[in-house]
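Below is one structure, written out as structure tokens, with a few remarks after it.
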Amino acid sequence: MGTQALSVVLEGLRARRVIVEVAVQRGLPNISVVGLPDAAVRESIDRVRAALAAAGYGLPRGRVTISLAPAEVRKTGSSFDLPIAVALLAAQGEIPAPRPDQAYIGELGLDGSVRTTRGILALTIAAGQCGFKSCIIPTQSARAASHITSVRVKTVGSISELVESTQGRRDLPSLSSSTENTPRPTAQNFDSLQGLEEAKRALTIVAAGGHHLLMVGPPGTGKTSLAQCLTSLLPPLEPTAQHEVSALWSLGGQLTDWMIQPPFRAPHHSASAASMLGGGPQLQPGDISLAHRGVLFLDEIAEFRRDVLEQLRQPLEEGTVRLSRALARAEYPARFQLVCAANPCPCGFRGDSLKACTCSPSQVERYQQRLSGPLLDRIDMAVWVPRTSLSRTNQPSQGFRSADYYVRQVRNARAAQRARTGPKPTLNSELSAVQIRAQVRLDLQSRTLLAQAESKSGLSPRGFVRTLRVARTIADLEGTQKVTGVHVAEALQLRAGIQHWTGQG
Ligand SMILES: [Zn+2]
């Protein structure tokens, strides 16, 4: 049997324990890596050789085999450098045999330093899920990793530090879990937007119940700013969600800090399927997973590639996305709130107070057909975002309410949903058709309104259920248990906006 060091690998967010084993046999000097390594893992040998040499150590003499088990799981990235170096040092008796309850994660620099690598937080969290008691990671990653609670994290800066720690000449710093857990205020909130009360109301409903929204209006009326405000209305992420979202951002190579606030992603309309849904050689998460537990904003939705939008349907239904490529497979969570924005026509000024629309009826029709379709069927409501006049943007408009007012409303409505759904809190938008029908007992007025919408405006069965969910949220915002005709009427009006602005009404 050879010498072992332990590490972790991820398939999507699913963690697997990896045994890095080094066996040395007599024979001509040769070194090989087995166990489905990708190119980065195979190149690891060169980095490890240089790093060990810089610290004053060599490789074992003879035929060296490095095995990464389990063999059937594809190993990607440079995070195996450190466990390989540890196993090689132990095989030569330079350090004692590594502990079986400790994982090693990190890339090596040619100068013997231990460096951070893509996905380091996801891997460290994974080490906890695999049952490791402690995990040794690069010092560079200490700040973000200090929020991880599932495993004891120690940091190391170089091979020399590591060797000295095993000889009892130094202690590797242990991260005490950070108590700093206060979300920073988001850049945008409603205070910076005057007027637009109708759009603010719609966003408040969206934030309270986790619904999806379409905003239509001429260019430059603040649709993007409104969408950015949505994250300021959402409550900070729960600890489990913080781990999940931070892991996804670290795998996406986007992590600068631990994620406490719901994320916001706004991919450009030229985005490819791989960047939107996830993909690439290492099956990295895409925008829809980086928006997990937060907001995915698609500005100028009509300009997005049709095939990319089509592929959003499954994640919207299931809250996850499955990727596969050659031997690799990954499944990532993707439970995001979709906010789309569109101009009302190709020139953008149809229905505008300032400028006349120059589009022909057939141009408008073609454009609206691009907006309609299966994706919009999954959106709960639409709102018109008008141009606000200059005088109104300089001083508080009538009925202006502070951003705090909306935040409080959302908080109370979420508390009501938690109280109703018990130990596993479910947002109204996540309730199944059966659940929402059980929760909303319709009065006569509501039933009449819905029947009218079915017969006159062609409200579909899917639309019916979505209307009930939105009506439930509107009642929650009001603080009432009973859903009445007033709530259903507002929900229907918001839903009718979709049909109106996509030319189906
Ligand atoms: Zn136009």
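The values are calculated or read from the model by the stated rules, or taken from the named source; none is laboratory data. All values reported here derive from a predicted model rather than from experimental measurement. We place every Cβ from the backbone using ideal geometry, glycine too, and count neighbours over all the protein chains shown. Surface accessibility is based on the protein's heavy atoms, side chains included, excluding ligands, DNA and RNA. Shrake-Rupley method; radii C 1.70, N 1.55, O 1.52, S 1.80 Å.
Only residues that are within 27 Å of the chain's Cα centre (by Cα) and at pLDDT 90 or above were counted across region 155-178, and they come to 1. Total residues in region 11-38 satisfying the condition of being within 22 Å of Ala126 (Cβ to Cβ) and either more than 27 Å from the chain's Cα centre (by Cα) or open to solvent by 30 Å² or more (accessible area, probe 1.4 Å) (or both): the figure is 12.
Among the residues of region 359-384 satisfying the criterion of being buried (at least 17 other Cβ atoms within 10 Å of the Cβ) and more than 16 Å from the ligand (Cβ to nearest atom), which is farthest from Glu197 (Cα to Cα)? So, considering only residues that are buried (at least 17 other Cβ atoms within 10 Å of the Cβ) and more than 16 Å from the ligand (Cβ to nearest atom), the one farthest from Glu197 (Cα to Cα) is Leu375. Taking the stated definitions as given, is His243 modelled with pLDDT of 95 or more and either within 28 Å of Asp191 (Cβ to Cβ) or open to solvent by 10 Å² or more (accessible area, probe 1.4 Å) (or both)? The answer is no for His243. Residues of region 123-145 that are open to solvent by less than 20 Å² (accessible area, probe 1.4 Å) and of a type in the set (Ser, Thr, Tyr): Thr124, Ser134, Ser141.
The number of residues in region 1-50 being in contact (Cβ under 8 Å) with a residue 40 or more places away in the chain and on the phi > 0 side of the Ramachandran plot comes to 3. Which ones in region 92-118 are hydrophobic (A, V, I, L, M, F, W, C), within 21 Å of Ala54 (Cβ to Cβ) and open to solvent by less than 40 Å² (accessible area, probe 1.4 Å)? Ile95, Ile105, Leu108, Val114, listed by residue number.
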